[in-house]
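The values are calculated or read from the model by the stated rules, or taken from the named source; none is laboratory data. Worth saying up front: this structure is predicted, and the values here are computed from it rather than measured. All Cβ positions, even for glycine, are placed from backbone atoms using ideal geometry, and neighbour counts span all protein chains on display. Side chains are part of the model used for accessible areas, which takes the heavy atoms of the whole protein and leaves out ligands, DNA and RNA. Shrake-Rupley method; radii C 1.70, N 1.55, O 1.52, S 1.80 Å.
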Amino acid sequence: MSQPPTTDGHVPTGSGGGDFQARMNRLIEISIALSAERKLDVLLERILTSTREITGADAGTLYRLQDGRLHFEVIQNATLGIATGGTTGNKARLEPVKLDKANVCAYAAILGRTVAIADVYESREFDFSGPRQYDRVTGYRSRSMLVVPMKNHAGVVTGVLQLLNATEPGTGAVVPFRSEDTAIVEALASQAAVAIDNVTLIQETKDLFEAVIRVMAAAVDAKSHYTGNHIQRVAILNSMLAQAVHDTAEGPLAAVRFSEPEMEAIRIAGWLHDIGKITTPVWIMDKATKLETLMDRLELVELRFRLIRELLRPQAGTPPKPAEDAGPATRLAELDEALDAVRRANVPAENADPALLARVQEISRRTYLDDGVEHPYLTPDETENLTIRRGTLTEDQRRIMQTHVEWTNRLLSHIPFKGHLADVPVFAGQHHERLNGRGYPDGAGRDRIPIQSRILAIADFYEALSAKDRPYRRPMSKEEIIVIMRESAAREEIDGDVLEVMIRSDLIDAFEALFEDLRQEGLSAYTTPPR
Ligand SMILES: [Fe+2]
Ligand SMILES: [Fe+2]
C-alpha cells in the first residue's frame, strides 16, 4: 500500500538502512521547518510525519500532556490508511491516557525516559492489551515500538511520540528501531516540544489580544440603544467582504489577494474602527429627536406653552373688552397650531419640509410676558435643533460625533502595532474618508486610501444603512440600500469596484443569514474565538 505524502512534501521511504549523513541533513531541514511553523495543527502533524519518515515507522501517535493526561493529537497508520488530527480536519476522539506506568506512553511521560521495544507482543513490562485488541479488530500486527518523551526547554515533559513498526527499505519488513534512531528522534522531539511551546504561546498572546479588542468593541456597542451591534456587524462583514475581494476572479479587483497575516490586520481593523466612540456622549450617539439632550426637551416646550396658554386666557371677573372678544380664542388656536408645528418639527426627517422649518423660525420670534418679563416662545438653541434639515444632529453635534474617528486614531496610536499589523490604525482610522477627498478626519483622497480602508468603509456604510432601529430612518430594503450605495460610488465617495464585488457575490444575504444564525443561537462574535 502506498504511503501518504508528509506535510513537507516528502514521502516516507523507510530508512532502516539509509545513509546516516543524509538522515542528519534531513533532520536539520526538519528542525528548521519546525521552528518556522506558526500553526499548531500543521506543526503537530509535521512532527509525527517527520519522525516517521526518518525512522521508517509505519505508524505513530503524538500525544500532548495536558491536565495530567496524555491527549491523542495526531494518529497515523500508513498500512491501515489512517490519518487523524493535525490538518486532516478529523479530531482524534479517543479517551486520553491516564498517567499509569503500566502504559508505555504514560511511563515515558512520568519518568522522562525513552522506551524501545522489539516486539510488543513479547513485552512483559507494559500492558499492551489495548494494541492487541486493536490488532484483532483491524488485522494489523503491532511489533516494534519507540516511545520518546517530548521535553521543552525547561526539561519538562509536554508530550510523547510513539512510533510503531520500523520498516526496512526495499523489503518493507518490520524490524526493531535502531539505536541511532533513538538519538535522532530524541533530538527531534525536544525541538518539537520547544516549537509547540512557542506556537502555543504566540497563539495564546494573539487570542488574548483579540479577546481584549472584542471586549472593548462590546463595551462601545453596549453604550448605544440604537446601534447596539454596529461594531460586531461591521467587523464580520468587513472580513467577509475582504474574503470576497480576495476570491473574485473577475473585474478590476481580480488580481487582489490577501495573505493570512493581511487578513488578520483587516479583521482587527474592523473590530477597532469605532473604538473612539468610547468618548462620544451617549445622548449624541442616540439622539432620537431634534430636541433630545439627556431628555427630550419637547416636554419643556410643552410645559412652557401650557404656561403661555394660561397667560393668554382672559382673567376671571374681567369683563372682556369688545375689541378683544375674538383675540384670546384666536391666539389660543394659534398657540395650539404652533405647538403642533413644534412637535412635527421635532421628529427627524431625511429632508425636512422647508415650510415647517420656516414656521418654527416664525414661532421662535414670538414672545410672551410673564411677571412683566419678556420670554421667547423658543430659545435660540431649541430653534437651532428644531430647524435641523436632516437627521437629529446640529452642526456642532455632528462635529462631536465625527471626532470619534480622531479618538480612534489617538487611542490606536498608543498600541504598538508591529509587522503585518503595522497598518491596522490606518485601515481603522479611514473608514469615514471618501475617495473624492470629502470625508473625515483628513479629507484623504483616492491616492491615500488603501483597498483595506475602502472595504471597511463599505462595510461601515452598509451597516449604517441596514440598521433596522435608527431613530431617524425607516428600515430599508436590500434593493434600496444598493441604490443608495451605487449613488455614493458614482459620487466617488465609496469604491465602486469593491461595492460591485459585494453585490455580485451576494454577500449581503450571506452576511445577514450568518448574523441571524449567530443571533438565534444566542452566540456573539464578541466572544467567538477568532479563527
Ligand atoms: Fe465610525
Ligand atoms: Fe462604524
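If you scan segment 239-292, which residues turn out to be among the hydrophobic types (A, V, I, L, M, F, W, C), within 16 Å of ligand 1 (Cβ to nearest atom) and more than 16 Å from Ala525 (Cβ to Cβ)?
Ile278, Val282, Ile284, Met285
Looking only at segment 292-304, how many residues end up being modelled with pLDDT of 90 or more and outside any helix (DSSP H, G or I)?
Of the residues in that region, 0 qualify.
Is it the case that Gln203 is polar (S, T, N, Q), surrounded by fewer than 14 Cβ atoms within 10 Å (Cβ to Cβ) and not in a loop (DSSP other than H, G, I, E, B)?
Numbers: polar (S, T, N, Q): yes; surrounded by fewer than 14 Cβ atoms within 10 Å (Cβ to Cβ): yes; not in a loop (DSSP other than H, G, I, E, B): yes.
Considered against the rule, which asks whether it is polar (S, T, N, Q), surrounded by fewer than 14 Cβ atoms within 10 Å (Cβ to Cβ) and not in a loop (DSSP other than H, G, I, E, B), Gln203 comes out as yes.
Return the pair list, or none, for Cβ contacts closer than 8 Å from residues in segment 394-405 that are within 14 Å of ligand 2 (Cβ to nearest atom) to residues that are assigned to a helix (DSSP H, G or I) and not hydrophobic (A, V, I, L, M, F, W, C), at least 6 apart or on different chains.
Filtered contacts from segment 394-405: Thr403/Gly276; Thr403/Thr279; His404/Gly276; His404/Lys277; His404/Thr279; Val405/Gly276; Val405/Gly429.
Would a scan of segment 248-257 turn up a residue that is crowded, with 22+ Cβ neighbours inside 10 Å and modelled with pLDDT of 85 or more?
Pass one, segment 248-257, residues crowded, with 22+ Cβ neighbours inside 10 Å: none.
No, segment 248-257 contains no residue that is crowded, with 22+ Cβ neighbours inside 10 Å and modelled with pLDDT of 85 or more.
So which residues in segment 203-241 are of a type in the set (Lys, Arg) and over 22 Å from Val501 (Cβ atoms), if there are any at all? Step through it out loud before you land on a result.
Of the residues in segment 203-241, the ones of a type in the set (Lys, Arg) are 206, 214, 223, 233.
Matches in segment 203-241: Lys206, Arg214, Lys223.
Being more than 22 Å from Thr387 (Cβ to Cβ) and more than 16 Å from ligand 2 (Cβ to nearest atom) narrows it down to one of Ala269, Ala265, Ala235, Ala288, so name that one. Spell out how you get there, then give the answer.
Working: Ala269 fails: more than 16 Å from ligand 2 (Cβ to nearest atom); Ala235 fails: more than 16 Å from ligand 2 (Cβ to nearest atom); Ala288 fails: more than 22 Å from Thr387 (Cβ to Cβ).
Exactly one of Ala269, Ala265, Ala235, Ala288 is more than 22 Å from Thr387 (Cβ to Cβ) and more than 16 Å from ligand 2 (Cβ to nearest atom), namely Ala265.
Consider Ala83 against the criteria (1) out of contact with any Ser or Thr (no Cβ under 7 Å at 6 or more places or on another chain); (2) closer than 22 Å to Val185 by Cβ; (3) free of Cβ contacts under 8 Å to residues at least 60 places away in the same chain: it satisfies all of them except one. Which criterion is unmet?
Ala83 satisfies every listed condition except (3).
From the list Glu516, Glu487, Glu492, exactly one residue is under 17 Å from the mean Cα position of the chain (by Cα), more than 16 Å from ligand 2 (Cβ to nearest atom) and free of Cβ contacts under 8 Å to residues at least 60 places away in the same chain. Which is it? Don't jump to the end; show me each part of the working.
Numbers: Glu487 fails: under 17 Å from the mean Cα position of the chain (by Cα); Glu492 fails: under 17 Å from the mean Cα position of the chain (by Cα).
When all the criteria are applied, what remains is Glu516.
Any residue that is more than 19 Å from His420 (Cα to Cα) and not assigned by TED's automatic domain parsing to the domain that holds Gly60 - is there at least one of those in segment 255-264? Break it down stepwise before answering.
At the first step, the residues of segment 255-264 found to be more than 19 Å from His420 (Cα to Cα) are 255.
If we keep only those that are not assigned by TED's automatic domain parsing to the domain that holds Gly60 as well, we get 255.
Scanning segment 255-264 turns up at least one residue that is more than 19 Å from His420 (Cα to Cα) and not assigned by TED's automatic domain parsing to the domain that holds Gly60.
Would you list the strands (runs of 3 or more DSSP E) that sit entirely within segment 76-157 and hold 3 or more residues that are among the hydrophobic types (A, V, I, L, M, F, W, C)?
On the way: elements: 82-85, 115-117, 145-151.
The qualifying strands (runs of 3 or more DSSP E) are 115-117, 145-151.
Going by the structure shown, is Gly372 within 30 Å of Leu311 (Cα to Cα) and open to solvent by 50 Å² or more (accessible area, probe 1.4 Å)?
On the way: within 30 Å of Leu311 (Cα to Cα): yes; open to solvent by 50 Å² or more (accessible area, probe 1.4 Å): yes.
Yes, satisfied.
Having 3 or more residues that are more than 16 Å from ligand 1 (Cβ to nearest atom) is the bar; report the helices (runs of 4 or more DSSP H) wholly within segment 374-462 that clear it. If you could, list the steps in order and put the result at the bottom.
Values: elements: 380-386, 395-412, 424-429.
The helices (runs of 4 or more DSSP H) meeting that bar are 380-386.
Being of a type outside the set (Val, Ile, Thr) and open to solvent by 30 Å² or more (accessible area, probe 1.4 Å) is the filter here; which residues of segment 258-284 pass it?
Ser259, Glu260, Pro261, Glu262, Met263, Arg267, Pro281, Trp283
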